[in-house]
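Here's the structure, in structure tokens; my notes come after.
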Amino acid sequence: MQLPNISPSLLGSPGNVGGVQPGGAPGNAQKAGGRASGELPFADLVKGLIEDTSNKQHEVDESVEKMVSGETDSIHDVVMTASKADLAFRLVMEIRNRMISSYQEIMRMQV
């Protein structure tokens, strides 16, 4: 199984995830806006994943319409497109579930 295509610009650089350098030390390269170079806000990452998932679902709709109308005979392509859209949707749902779980854990913390 392959993860959905995620734009490299959404992921940032491999060694700098969320502005944290390998080893857990916060990045020192701060810009005027307070963000390290190459850093992408988590909200933008999630928004990109949701848009990608929506686009994949539209591709499935189009491929099913083409198959039903007889424009294409490749059921394999339709099934593969549907599988990719399903996987992308499951990824978004898992991220959502973990975010909710994290929020609930934070709310249970005593101050």
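Bear in mind these aren't lab numbers, they're just calculated from the coordinates by the rules spelled out. In this text, all values refer to a predicted model and were calculated from it rather than measured experimentally. So basically every Cβ, Gly included, is an ideal-geometry build from the backbone, and we count neighbours across all protein chains shown.
With R₀ fixed at 22 Å, the C-beta to C-beta distance from Ser101 to Ile50 puts the FRET efficiency at about 0.75.
Each of Met80, Leu49, Gln110 was scored by the projection of its Cα onto the charge dipole of region 41-111, and the greatest displacement toward the positive side belongs to Gln110; charges sit on the C-beta of Lys, Arg, Asp and Glu. Of the GluC sites (Glu not before Pro) in region 51-111, the ones in a loop by DSSP (not H, G, I, E or B) with at most 11 other beta carbons within 10 Å are Glu71.
Taking a sphere under 14 Å around the Cβ of Gln104 and counting the other residues whose Cβ falls inside, with K and R at +1 and D and E at -1, yields a net charge of +2. Think of each Lys and Arg Cβ as +1 and each Asp and Glu Cβ as -1; about the Cα centre, that makes the dipole of region 41-111 roughly 560 debye.
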